[in-house]
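Step one of this worksheet: look at the structure below.
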Amino acid sequence: MTEPTSMPFQDDARRDGAPQDDPGVAPEESLPSGLLPPAETETDLLAARVEGPEDHEGMTALWRATMGLPSWWFIAVGEEGLESPAAAEIDDQLMLLTFTNAERARHFAVQNGMIRADEDMRAISLEPQEVVSSADVYLSAEIAGLMFDPHLTGYFISTEQLPVVWQAISAGEEQGSEPG
């Protein structure tokens, strides 16, 4: 895999050359015709319930569900055969745009003008453990973290915390208890 590529999606011209939609317009109003929001998922519900960084129980449930997904999805950028996951600068930090399912990745790509609604999307699907084991590679590429479903829930984890949280979740599952 090549190094992640910065793929800014805000304040850029849309792929088809049309200007970005007015930021004051609600996302649902600016969606291309016929593009419906993805169905709500367990991670959406869990993310909405987290009451802040001190909500250890809520965060544990969210990360247990996220790390228990069969795959994490990424929009592929770069030349064929040399693709890497799309990244964007968010709050002055480079984040991998990570999606909890393929539908959400496609929705984001269409919504942000990366592809047209009638185009196929190139995607990368990786098991969470594979991403976690690559944390050092992402750190060396100056990837600050992963932002999940950035256009919907936008919860994130720092690259440094990936293996720590993975280990805590794994240890909790082996012991049948909450990590703490």
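The values are calculated or read from the model by the stated rules, or taken from the named source; none is laboratory data. Treat the numbers as computed from the prediction; the structure is a model and nothing was measured. Because the Cβ atoms are built from the backbone with ideal geometry, glycine has one as well, and the counts that use them run over all protein chains shown. Only protein heavy atoms, including side chains, enter the accessible area calculation; ligands, DNA and RNA are left aside. Shrake-Rupley method; radii C 1.70, N 1.55, O 1.52, S 1.80 Å.
Annotations for the structure displayed:
- Selection status of L162, surrounded by 20 or more Cβ atoms within 10 Å (Cβ to Cβ) and either assigned to a helix (DSSP H, G or I) or more than 13 Å from the chain's Cα centre (by Cα) (or both): yes
- Any hit, region 117-134, residues being assigned to a loop (DSSP other than H, G, I, E, B), under 21 Å from E160 (Cβ atoms), of a type in the set (G, A, S) and open to solvent by less than 70 Å² (accessible area, probe 1.4 Å): yes
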